[in-house]
């Protein structure tokens with residue numbers, strides 16, 4: 001499902017969108033805007049995750065299992 005919205009953008013951004021569509025780098029204005037928003041959402045999520053790692057550390061309940069497995073696992077060909 002999608003919702004149509006109206007967004008006011010500076011002229012140079014609209015020109016960039018139009019050039020990208022005209023040269024085939026983007027299928028549509030909407031697709032390029034959606035791609036940019038998805039990238040920003042991923043960036044913000046990564047920033048949030050980094051904040052959690054800084055405040056709580058990277059250790060989790062699987063660290064001991066991974067360490068044991070690395071020391072005891074044998075790879076068969």
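Structural remarks
- Each residue in the stretch 1-38 was checked for being surrounded by 10 or more Cβ atoms within 10 Å (Cβ to Cβ) and either in a helix (DSSP H, G or I) or at pLDDT below 95 (or both), and 19 pass.
- First in the stretch 30-49 and under 17 Å from residue 10 (Cα atoms), second anywhere and modelled with pLDDT of 95 or more and in a helix (DSSP H, G or I), Cβ under 7 Å, 6 or more apart: 32/17; 32/20
The values are calculated or read from the model by the stated rules, or taken from the named source; none is laboratory data. A quick note: this is a predicted structure, and the numbers were derived from the prediction, not measured. A quick note on method: Cβ atoms are made from the backbone with ideal geometry, for glycine too, and the neighbour counts reach across all protein chains shown.
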